[in-house]
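Report on one structure; see the data block that follows.
The values are calculated or read from the model by the stated rules, or taken from the named source; none is laboratory data. Please read all numbers here as calculations on a predicted model, not as lab measurements. Don't worry about glycine lacking a Cβ; one is built from the backbone with ideal geometry, like all the others, and counts go over all protein chains shown.
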């Protein structure tokens, strides 16, 4: 069954959470309208009509075709990246976002839980709060340990599932930012962390990231030069 | 589906309770094994859950006694993952409806429970912080409810996520149990805030949950109360001195 309802996707390229949804929309070959939200100066209509929490990603689904900046009251509004990923998996059951087998689905969801707890906490603690790097290293060690040793993506195949879509945006930004020592941590700590994450201990994780970056749906949502330029000008990271 | 299901659980634990409600909704035969969280069997961590927590499900593999889990069964953990798993195994259970939009609404409600109710419950009932956090969490959840019925109309994973927390919050506060000092009427005072007229809709929702057989048959009030009394006596002794 083909989806014929409109999908409008509110996003910004900085956001790893938004990128999750973007990759899913691409892999599902959904017919959607992207709208880049000015996250530094959000328009009033966004919280009023799309997401009361004011955050991205969000999607509107169904209702009449309208321009993204005049959302209709008739569309369904969805927020929270993990909820949207599951919604797209339900809407596009043949897109491989989630497998059909209940055990495999449970494994994908468990992986996503670890990404959102250990993975995210380490990322935030070190890169955005400038605290010690141990939670970040430990978080990625835990996620690496969940990857099938022989290769492939989180569920072992050669196609992305929501487990990978949830993880990869954080992983890619981590390697990118740490490689240029960009973050709230003291100068030099980023490069130290990068040295650890590029050491043999993390060979499997690096292979995984390489495999992700070769994937066409990842490629459709990621421009490394643009990301780097944007993060260099992010006021959050200006160090004295 | 004819694969065996063994659930490792504990009556006191709200997370494990979610899995029990889901299995009751699915009306399936399964093996229930109670884990004493204060005295875990030594095979539990190496053979079932390395993190040592409940709930956990051992799915499939040969039929073995629950205390001799087989390496051939698949071990699954995380209460919300387990509820989705049971919904996938038994789609006719209604734990999640078929419509993608309703499924998303159920998951958004679960998200609000995780991000608002759980943290507020820990802050107020365990750490003894300002009860206003819990009032606000209840208001946030109430705002998601339809005028009648359950979170998405019919009983679903959304209600399964919150029910064990509402029940234990109510039970503990009614018995003056929490991270606040004892015998000063703190518990009942907080409960009065949660029973304010502005939270009438949520109170009705909780009544509806309590009438649901899958909840009622899996909530051993006496056992949970006895455990809570013991647990908070220890917590208070540490916090305020014996």
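When restricted to residues that are touching a helix residue (DSSP H, G or I) at 6+ places or on another chain (Cβ under 6 Å) and surrounded by 20 or more Cβ atoms within 10 Å (Cβ to Cβ), region B:58-83 contains 7. Of all residue pairs spaced 6 or more apart or on separate chains, those with beta-carbon atoms under 6 Å, a first member in region A:201-222 that is touching a residue at least 12 places away in the same chain (Cβ under 8 Å) and a second member that is part of a loop (DSSP other than H, G, I, E, B) are A:204/A:147; A:208/A:147; A:215/A:160.
Going through B:131, B:147, B:164, B:188 one at a time, which residue ends up being over 30 Å from residue B:34 (Cβ atoms) and buried (at least 21 other Cβ atoms within 10 Å of the Cβ)?
From the options B:131, B:147, B:164, B:188, the qualifying one is B:131.
Please work out if residue B:33 is surrounded by fewer than 21 Cβ atoms within 10 Å (Cβ to Cβ) and touching a strand residue (DSSP E or B) at 6+ places or on another chain (Cβ under 8 Å). Against the criterion (surrounded by fewer than 21 Cβ atoms within 10 Å (Cβ to Cβ) and touching a strand residue (DSSP E or B) at 6+ places or on another chain (Cβ under 8 Å)), residue B:33 qualifies.
Which of the residues spanning region B:77-103 are farther than 15 Å from residue B:28 by Cβ and either under 16 Å from the mean Cα position of the chain (by Cα) or at the interface with chain A (Cβ under 8 Å from one of its Cβ atoms) (or both)?
Matches in region B:77-103: B:77, B:78, B:79, B:80, B:81, B:84, B:100, B:101, B:103.
For region B:125-143, filtered to residues that are under 17 Å from the mean Cα position of the chain (by Cα) and under 19 Å from residue B:232 (Cβ atoms), the residue that is modelled with the highest pLDDT is B:134. Number of residues in region B:43-69 that are closer than 26 Å to residue A:118 by Cα and either assigned to a loop (DSSP other than H, G, I, E, B) or within 14 Å of chain A (Cβ to nearest Cβ) (or both): the value is 13. Would region A:64-76 turn up any residue that is touching a helix residue (DSSP H, G or I) at 6+ places or on another chain (Cβ under 6 Å), within 30 Å of residue A:234 (Cβ to Cβ), outside the structural domain of residue A:157 (by TED's automatic domain parsing) and crowded, with 21+ Cβ neighbours inside 10 Å? The answer is yes, given that some residue of region A:64-76 is touching a helix residue (DSSP H, G or I) at 6+ places or on another chain (Cβ under 6 Å), within 30 Å of residue A:234 (Cβ to Cβ), outside the structural domain of residue A:157 (by TED's automatic domain parsing) and crowded, with 21+ Cβ neighbours inside 10 Å.
From the list B:82, B:125, pick out the single residue that is outside any loop (DSSP other than H, G, I, E, B) and touching a strand residue (DSSP E or B) at 6+ places or on another chain (Cβ under 7 Å).
None of the others qualify; the one that does is B:82.
Regarding residue A:70, is this residue touching a strand residue (DSSP E or B) at 6+ places or on another chain (Cβ under 8 Å) and either outside any helix (DSSP H, G or I) or at pLDDT 95 or above (or both)? Taking the combined requirement at face value, the residue does not satisfy it. Evaluate region A:29-49: report whether one residue or more is touching a residue at least 12 places away in the same chain (Cβ under 8 Å), within 18 Å of the chain's Cα centre (by Cα) and within 14 Å of chain B (Cβ to nearest Cβ). Looking for residues that are touching a residue at least 12 places away in the same chain (Cβ under 8 Å), within 18 Å of the chain's Cα centre (by Cα) and within 14 Å of chain B (Cβ to nearest Cβ), one finds at least one in region A:29-49, hence yes.
Applying the criterion of at least 2 residues that are at pLDDT below 95 to the helices (runs of 4 or more DSSP H) found wholly in region B:146-242 leaves B:221-240. Residue A:24 passes every criterion in (1) loosely packed, with under 15 Cβ neighbours inside 10 Å; (2) closer than 16 Å to residue A:81 by Cα apart from (1).
Based on what the data block shows, is residue B:72 at pLDDT 95 or above, in a helix (DSSP H, G or I) and farther than 22 Å from residue A:80 by Cβ? Taking the combined requirement at face value, the residue does not satisfy it.
None of A:147, A:143, A:178 is at pLDDT 95 or above, under 18 Å from the mean Cα position of the chain (by Cα) and surrounded by 24 or more Cβ atoms within 10 Å (Cβ to Cβ) except A:178.
A single entry from A:145, A:108, A:104, A:100 fulfils the requirement of being more than 24 Å from residue B:111 (Cα to Cα) and out of contact with any strand residue (DSSP E or B) (no Cβ under 8 Å at 6 or more places or on another chain): A:145. The single condition among (1) assigned to a helix (DSSP H, G or I); (2) crowded, with 20+ Cβ neighbours inside 10 Å; (3) out of contact with any helix residue (DSSP H, G or I) (no Cβ under 7 Å at 6 or more places or on another chain); (4) within 12 Å of chain A (Cβ to nearest Cβ) that residue B:106 does not meet is (3). Check B:204, B:210, B:142 and return the single one that is more than 18 Å from residue B:16 (Cα to Cα) and touching a helix residue (DSSP H, G or I) at 6+ places or on another chain (Cβ under 7 Å). So the residue among B:204, B:210, B:142 that is more than 18 Å from residue B:16 (Cα to Cα) and touching a helix residue (DSSP H, G or I) at 6+ places or on another chain (Cβ under 7 Å) is B:142. Somewhere in region A:65-73, is a residue touching a residue at least 12 places away in the same chain (Cβ under 8 Å) and either facing chain B (nearest Cβ under 10 Å) or more than 21 Å from residue A:10 (Cα to Cα) (or both)? No, region A:65-73 has no match at all.
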